[in-house]
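Bear in mind that the values in this text are calculations on the coordinates, not laboratory data. None of the values given here were measured: they were computed from a predicted structure. Note: ideal-geometry Cβ built from the backbone for every residue, glycine included; neighbour counts use all protein chains shown.
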Amino acid sequence: TAPRSWHDDRMLFQHVARWPSGTAADHKYAMCGVRQGNYLLLKSRPCKDPKCNGQCATLRQIERGSKQGVYTESNGQFHWGLSGPERWSLFEVKKDPTCEKDLAESQPEKVKMLAAAYDKWWDDVFPVMITRGGDVPTRNDR
């Protein structure tokens, strides 16, 4: 029997969604991704504000070569893997589960399609998130 197809075109959008209050828009591309089938398109970059703490501070440390970070003492480069500056990275996770072979240059149409889908998803979700208080100060911000 042939394998059954189940929502092969379905996309799963992910975003770490952790930022200092008032800076949500600046974090659109900080630690985000789109999964479709065996493909994972991701951007794992700090925002452009050098004072931004938390996830972005750790990403900046890794970018500078640190091997330590939250959740890891020796393999931060792997755990907090960064995508290239100002671009998406594409991986075929079934063939490359450790996401070491970036296919973005060899599959630009897939990158373009998945990136456009991410932008549409963010543009749909962002106003709802803001309306529901997704960028207001929390107890930790005070």
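Sum up the charges of everything whose Cβ sits under 15 Å from the Cβ of residue 85, counting Lys and Arg as +1 and Asp and Glu as -1, but leave residue 85 out. Net of charged neighbours comes to +2.
For residue 130 and residue 9, the FRET efficiency from 1/(1 + (r/R0)^6), where r spans their Cβ atoms and R0 equals 35 Å, is about 0.75. Within the shell of other residues whose beta carbon sits under 13 angstrom from the beta carbon of residue 110, the net charge comes to -3, with Lys and Arg scored +1 and Asp and Glu -1. With 29 Å as the limit, the listed pairs 67/112; 28/67; 51/95; 67/120; 51/110 have 67/112; 51/95; 67/120; 51/110 beyond it between alpha carbons. Ordering 127, 12, 74 by the projection of their Cα atoms onto the charge dipole of the chain, which places +1 on the Cβ of Lys and Arg and -1 on the Cβ of Asp and Glu, puts 74 at the extreme positive end.
The mean of 1/r over all distinct Cα pairs in region 85-125, once inverted, gives the Kirkwood hydrodynamic radius of 11.1 Å.
Using only alpha carbons, region 1-73 has a radius of gyration to Kirkwood radius ratio (Rg to Rh) of 1.14.
Charged side chains reduced to their Cβ positions (Lys and Arg at +1, Asp and Glu at -1) give the chain a dipole of some 280 debye around its Cα centre.
Partnerless cysteines in the chain, where a partner means another cysteine C-beta under 4.7 angstrom, comprise 32, 47, 99. Summed over qualifying helices (DSSP H, 4 residues or more, each -39500 (n - 2.57)) and divided by its residue number, the chain shows a 222 nm mean residue ellipticity of -8000 deg cm²/dmol. Across region 15-27, rounded Karplus estimates of 3J(HN,Hα) from the backbone phi angles (6.51 cos²θ - 1.76 cosθ + 1.60, θ = phi - 60°) give 7, 5, 6, 10, 7, x, 3, x, 10, 4, 4, 6, 10 Hz, Gly and Pro being marked x. The chain: D in µm²/s via Stokes-Einstein (Kirkwood Rh, Cα pairs, 37 °C, 0.692 mPa s)? For the chosen part, D equals 199 µm²/s.
Put simply, region 48-131 fits an ellipsoid with semi-axes of 24, 21, 12 Å; these come from the alpha carbon gyration tensor as the roots of five times its eigenvalues, largest first.
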